[in-house]
Amino acid sequence: MADQFKPELAPAVSVRLDCARLAVREAGAFALRYFRDRDLVVEIKGAQDYVSHVDRETEALLMGTLRKEFADDAFLGEESGAHGLDADGRFIWVIDPIDGTTNYVHGLPLWCISVALVHGREIVAGIIFNPVTDEFYEACAGAGATCNGQTLSVSGVSDPGQARVGMGFSYRRPPELHAEGVRRLLCAHCEYARFGSGALGMAYVADGRFDAYWEPHINAWDVLAGICLVREAGGWCNDFLAADGLHAGNPILACTPALKPFLMATLVTLSDEFNESDGTGCVRD
């Protein structure tokens, strides 16, 4: 399980959130200009895995602003990797400059900036910003979650036949796993959606647009901010940071609590990573 939030960290977290809000807004405006102009230099990192020059420049912009104010903090970015993670007791910024790059480079408005702040094994704050829709999500441990200043709460749906589950997929896991997950949900009359952005999927759980989000493997920069949002909005998530989740990634299941038993039985059993002994915190009821 994650460590309990230490109240004495609150002032340090607060000042970092103040800076991060401004940095993320600035980075969002930068990325949005290129998105609208469609003036991109794109590379292929792997199967259906793109990176643009805007990903790298947006990350550099974010890190540059945060490092200027918090030089002793550590950083983990999708594009530039780890910086300073070898020292104990530091705050760690975990950054995805554009989550949903495939959507971004194809002109689809389902992408966002995701920034999480970690201390020890506790996710103490998270920001997710979709510049296209101007939806700015943020959460702080023990202080709740908001979108554009409005308090968030998970949906509370308990009937799978009325639920909608966001799903993610990557070629790190076999396609059959994803297809079987879809089949099981549909057999329970449960709807599903795949938007191509894990961070937005998590934000949509926090604000009740999705009732759950599941992905058999996802990286920390895609999901940590969303975990903070979901938990602070009253939802449940597995212990993602267990078993070296920060560096190696893990499965993610996030949901409104009433759907947890159904989802554990329906989706968690699909993956060898989701079992009682793997350390991810997904223990069956």
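The values are calculated or read from the model by the stated rules, or taken from the named source; none is laboratory data. Keep in mind that what you see is a predicted model, and the values were worked out from it rather than measured. With ideal geometry, Cβ positions are generated from the backbone for all residues, glycine too; neighbour counts draw on all protein chains shown.
Of all the listed residues (129, 136), the sole one being surrounded by 23 or more Cβ atoms within 10 Å (Cβ to Cβ) and not assigned by TED's automatic domain parsing to the domain that holds residue 225 is 129.
Close contacts from segment 122-143, counting a first residue that is over 23 Å from residue 246 (Cβ atoms) and a second that is polar (S, T, N, Q), with Cβ to Cβ under 6 Å and a gap of 6+ residues or different chains, come to 136/148. Selection of segment 141-163 for residues being part of a loop (DSSP other than H, G, I, E, B), within 30 Å of residue 102 (Cβ to Cβ) and among the hydrophobic types (A, V, I, L, M, F, W, C) yields 152, 154, 157, 163. The residue of segment 220-242 that is farthest from residue 197 (Cα to Cα), among those that are surrounded by fewer than 24 Cβ atoms within 10 Å (Cβ to Cβ) and in contact with a Pro (Cβ under 8 Å, 6 or more places away or on another chain), is 234.
Would you confirm, using the coordinates I've provided, whether residue 110 is outside any strand (DSSP E or B) and touching a Ser or Thr at 6+ places or on another chain (Cβ under 6 Å)? Break it down into steps so the answer makes sense when it comes.
On the way: outside any strand (DSSP E or B): yes; touching a Ser or Thr at 6+ places or on another chain (Cβ under 6 Å): yes.
For residue 110, the condition - outside any strand (DSSP E or B) and touching a Ser or Thr at 6+ places or on another chain (Cβ under 6 Å) - is met.
Scanning segment 164-177 for residues that are among the hydrophobic types (A, V, I, L, M, F, W, C) and either in the same structural domain as residue 99 (by TED's automatic domain parsing) or assigned to a strand (DSSP E or B) (or both) gives 165, 167.
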